[in-house]
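Let me begin by presenting the structure, written as structure tokens, before commenting on it.
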Amino acid sequence: MLVVMKAQATPQQIQAVCEHIEQLGFRAHPLPGAQRTAIGITGNKGEVDRGNLEELSGVAEVIRVSKAYKLASRDVKEEDTIIRFPGTDATIGGRNLAIVAGPCAIENRDQAFAIAEQVAASGAQFFRGGAYKPRTSPYAFQGLGLEALRIMADIRDRYGLRIVTEAIDNESLALVAEWADVVQIGARNMQNFSLLKRAGRLRKPVLLKRGLSATLEEFLMAAEYVMCEGNYEVILCERGVRTFTDHTRNTLDLSIVPAVQRLSHLPVLVDPSHGTGRRDSVLPMARASVASGADGLLIEVHHQPEKALSDGPQSIYPAQFASMMDEIEQIARVVGRFLPRGIHAAAPAG
Ligand code: PEP
Ligand code: MN
């Protein structure tokens with residue numbers, strides 16, 4: 001159920017409707033839009049009695065949302081969600097593309113700084129490195145943990161880049177939320193519902209990767225898990241799905257980009273690195289991702305990929321990343337988007 005407030009509804013009227021909903025035992029989610037505020041109603045107590053809701057002051061109408069996902073849906077919020085990063089001009093969603101780049105894993109301080117320096121010079125606004133790695137083999141490098149989070153915080157101080165890193169369980173979630181600007185939930189955890197609920201209680205944006213064989217509806221329902229706990233800043237990320245294909249590690253499903261954008265207001269990024277698993281495929285699929293209308297890219301970059309402790313074969317060299325940025329800047333223009341180069345202090349409000 002969705003309560004649509006009148007365009008001229010006052011903050012007090014919105015507050016009163018939210019309180020009324022909560023008194024009925026449901027949860028109210030006020031979602032301000034360009035024209036008016038909508039209030040999503042969630043809860044597992046069955047049907048909401050719409051009768052008296054319609055009579056509250058400031059209410060324009062009460063609508064039933066038939067989709068299984070509600071808060072993630074365009075029925076509830078028509079405009080694209082734009083996530084902002086306080087103190088900077090970086091955004092995810094909206095007209096500007098968001099480029100998230102860095103090594104699969106933080107291996108040591110020198111490696112991380114060498115890569116960060118180069119991706120910053122090419123104009124990325126977000127640096128991503130794994131501190132906690134979900135590896136297929138228990139014998140593979142599992143990440144440096146807290147030490148890596150500290151290194152990334154120093155990278156943010158030095159280059160201004162906002163930090164994206166993965167939480168793999170409840171324990172790492174608390175630490176990642178403390179140190180990072182965006183909390184990544186990996187493909188293997190897309191349906192780890194207790195982790196999603198906890199991420200929903202954070203006040204940090206969550207980058208949610210599509211599960212290895214997740215349908216669009218399952219993907220949006222996973223986002224809904226985060227949102228119904230009160231965290232509306234969810235970024236979706238297509239990273240390829242399992243198919244019979246043997247020429248790439250996964251099959252990058254770019255057709256999900258317009259499908260997500262049709263149904264949901266949430267930003268959707270594409271990760272051609274995990275999506276293909278091959279260095280020589282990353283650039284062509286990065287171009288195609290931007291052409292498809294993606295809101296940004298997640299790219300693995302390593303200065304010495306042959307020595308990388310994880311995902312070396314799909315990591316591109318910093319020089320390749322630099323030319324990728326030049327190319328996608330041009331493609332962005334063709335599809336009515338803009339590639340900001342570099343991160344700057346936010347312009348003063350007004
Ligand atoms: C990663 O981003 O390094 C990663 C492990 O991705 P995914 O969860 O998509 O496999
Ligand atoms: Mn990786």
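The values are calculated or read from the model by the stated rules, or taken from the named source; none is laboratory data. It should be emphasised that the depicted structure is a prediction, and the values quoted were computed from it without experimental measurement. Cβ: placed from backbone, ideal geometry, glycine included. Neighbour counts: every protein chain shown. Ligands, DNA and RNA are excluded from the accessible area calculation, which covers all protein heavy atoms including side chains. Shrake-Rupley method; radii C 1.70, N 1.55, O 1.52, S 1.80 Å.
So for the pair residue 57, residue 140, with labels modelled 7 Å out along Cα→Cβ, what separation do we get in nm?
Calculated label separation equals 6.1 nm.
Counting only heavy atoms of protein chains, what accessible area per residue, in Å², does the range 34-123 have with a probe of 1.4 Å?
On the way: 4090 Å² over 90 residues.
For the range 34-123, the per-residue accessible area is 45 Å².
Among the chymotrypsin sites (Phe, Trp or Tyr not before Pro) in the range 76-171, which ones are in a DSSP loop with at most 11 other Cβ atoms within 10 Å of the Cβ? Mind listing them?
On the way: sites: 113, 126, 127, 132, 139, 141, 159; in loops: 132, 139, 141.
When the chymotrypsin sites (Phe, Trp or Tyr not before Pro) of the range 76-171 are filtered for loop state and at most 11 Cβ neighbours within 10 Å, 139 remain.
For helix 318-334, report the angle its Cα long axis makes with the longest principal axis of the Cα atoms of the chain; keep it between 0 and 90° and round to the nearest 10°.
Around 40 degrees separate the two axes.
Between residue 317 and residue 154, how high is the FRET efficiency from 1/(1 + (r/R0)^6) when r is the Cβ-Cβ distance and R₀ = 25 Å? Nearest 0.05. Intermediate values should be presented prior to the final figure.
On the way: r = 23 Å, r/R0 = 0.94.
E between residue 317 and residue 154, to the nearest 0.05, is 0.60.
What are the residues whose amide H is under 5 Å from the amide H of residue 60, where those residues sit 5 or more places off or on another chain and H is modelled from the backbone?
Close amide H contacts, sequence-distant or interchain: 4, 5, 6.
When 1/r is averaged over all different Cα pairs and the result inverted, which Kirkwood radius in Å belongs to the range 160-207?
Working: mean 1/r = 0.0952 Å⁻¹.
It works out to 10.5 Å.
Enumerate the calculated ³J(HN,Hα) couplings along the range 265-273 in order (Karplus 6.51 cos²θ - 1.76 cosθ + 1.60, θ = phi - 60°), each rounded to whole Hz, writing x wherever the residue is Gly or Pro.
Each residue's phi maps through the Karplus curve to give 8, 6, x, 10, 9, 10, 10, x, 6 Hz.
Using 5 Å bins from zero, what percent of all Cα-Cα pairs in the range 147-289 falls into each bin?
Bins of 5 Å from zero give 2, 10, 19, 20, 19, 16, 10, 3, 0 percent of pairs.
So which trypsin sites (Lys or Arg not before Pro) in the range 265-350 pass both tests, a DSSP loop state and at most 16 other Cβ atoms within 10 Å of the Cβ?
278, 341
Starting from the Cα-Cα distance between residue 280 and residue 245, subtract it from 0.36 nm times their residue separation and give me the gain in nm to one decimal. Before the final figure, lay out each step's value.
Details: separation 35, 0.36 × 35 = 12.60 nm, distance 1.65 nm.
Gain in length upon complete extension: 10.9 nm.
Which whole-angstrom value gives the distance between the alpha carbon centres of the range 16-68 and the range 280-350?
Between the Cα centres of the range 16-68 and the range 280-350 lies a distance of 40 Å.
Could you derive backbone 3J(HN,Hα) for the range 206-223 from the dihedral phi with the Karplus parameters 6.51, -1.76 and 1.60 (θ = phi - 60°), listing whole Hz in sequence and x where the residue is Gly or Pro?
These are the phi-based 3J(HN,Hα) values: 10, 9, 9, 8, 5, x, 4, 9, 7, 6, 4, 5, 4, 4, 5, 5, 5, 4 Hz.
Heavy-atom accessible area per residue, the range 283-350, 1.4 Å probe: how many Å²? Working shown, then result.
Details: 3070 Å² over 68 residues.
Per-residue value: 45 Å².
Report the trypsin sites (Lys or Arg not before Pro) located in the range 179-264 that are in a DSSP loop and have at most 13 other Cβ atoms inside 10 Å of their Cβ, or state none. Please list the in-between numbers first.
Details: sites: 188, 197, 198, 201, 203, 209, 210, 239, 242, 249, 262; in loops: 201, 203, 210, 239, 242, 249.
Within the range 179-264, the qualifying trypsin sites (Lys or Arg not before Pro) (loop, at most 13 other Cβ atoms within 10 Å) are 201, 203, 242.
With a 1.4 Å probe and every protein chain kept in, tell me what percent of the accessible surface of the chain is carbon plus sulfur. It would help to have the intermediate numbers written out before the result.
Numbers: 7490 of 14950 Å².
For the chain, the apolar C and S fraction of the accessible surface comes to 50 percent.
Each residue of the range 289-301 in turn: what ³J(HN,Hα) in whole Hz from Karplus with 6.51, -1.76, 1.60 and θ = phi - 60°, glycine and Pro shown as x?
Along the range 289-301, the couplings run 4, 5, 4, 6, x, 4, 7, x, 9, 10, 10, 8, 10 Hz.
Under the rule of at least 5 residues apart or a separate chain, name every residue whose amide H is placed under 5 Å from the amide H of residue 265.
HN-HN under 5 Å from residue 265: 74.
Taking the range 39-164 as the region of interest, what is the percent of Cα-Cα pairs per 5 angstrom bin, listed from the shortest bin to the one with the maximum distance?
Pairs per bin, as whole percents: 2, 9, 14, 13, 11, 10, 9, 10, 8, 7, 5, 2, 0.
What residue among 173, 207, 24 shows peak mean-square fluctuation when the chain is described by a Gaussian network model with Cα springs under 10 Å?
Result for the chain, Cα springs under 10 Å: 24 fluctuates most.
Amide H to amide H under 5 Å from residue 299: which residues, 5+ apart in sequence or cross-chain, H placed 1.01 Å off N in plane?
Amide H to amide H, under 5 Å and 5 or more residues apart or across chains, residue 299 pairs with 100, 101, 102.
Given the options 28, 294, 16, state which has the largest fluctuation in a GNM of the chain using a 10 Å cut-off (strictly under) for Cα springs.
Among 28, 294, 16, the largest GNM mean-square fluctuation belongs to 16.
Plugging the Kirkwood radius over Cα pairs into Stokes-Einstein for the range 217-324, at a temperature of 20 °C and a viscosity of 1.002 mPa s, what D comes out in µm²/s? Intermediate results must be reported in sequence, preceding the final value.
Numbers: Rh = 14.7 Å.
Calculated translational D: 146 µm²/s.
Based only on Cα atoms, what Rg/Rh ratio does the range 1-75 have, Rh being taken as Kirkwood's radius?
Numbers: Rg = 11.3 Å, Rh = 12.3 Å.
Taking Rh as the inverse mean 1/r over Cα pairs, Rg/Rh reads 0.92.
Where is the GNM fluctuation largest for the chain (alpha-carbon springs, 10 angstrom cutoff): 72, 148, 199?
Between 72, 148, 199, it is 148 that shows the largest mean-square fluctuation.
If r is the Cβ-Cβ distance from residue 326 to residue 304 and R0 is 25 Å, what FRET efficiency results, to the nearest 0.05? Please report the intermediate quantities before stating the final value.
Working: r = 23 Å, r/R0 = 0.92.
Efficiency at R0 = 25 Å is approximately 0.65.
In the structure displayed, which of 197/307; 45/197; 70/209; 133/209 lie more than 26 Å apart, Cα to Cα?
Numbers: 197/307 37 Å; 45/197 18 Å; 70/209 19 Å; 133/209 14 Å.
Pairs exceeding 26 Å: 197/307.
How large is the accessible surface per residue of the range 177-242, computed with a 1.4 Å probe and reported in Å² as a whole number?
On the way: 2300 Å² over 66 residues.
Value returned for the range 177-242: 35 Å² of accessible area per residue.
How large is the translational diffusion coefficient of the chain in µm² per second when you combine the Kirkwood radius over alpha carbon pairs with Stokes-Einstein at 25 °C and 0.890 mPa s?
On the way: Rh = 20.8 Å.
Once the numbers are plugged in, D ends up at 118 µm²/s.
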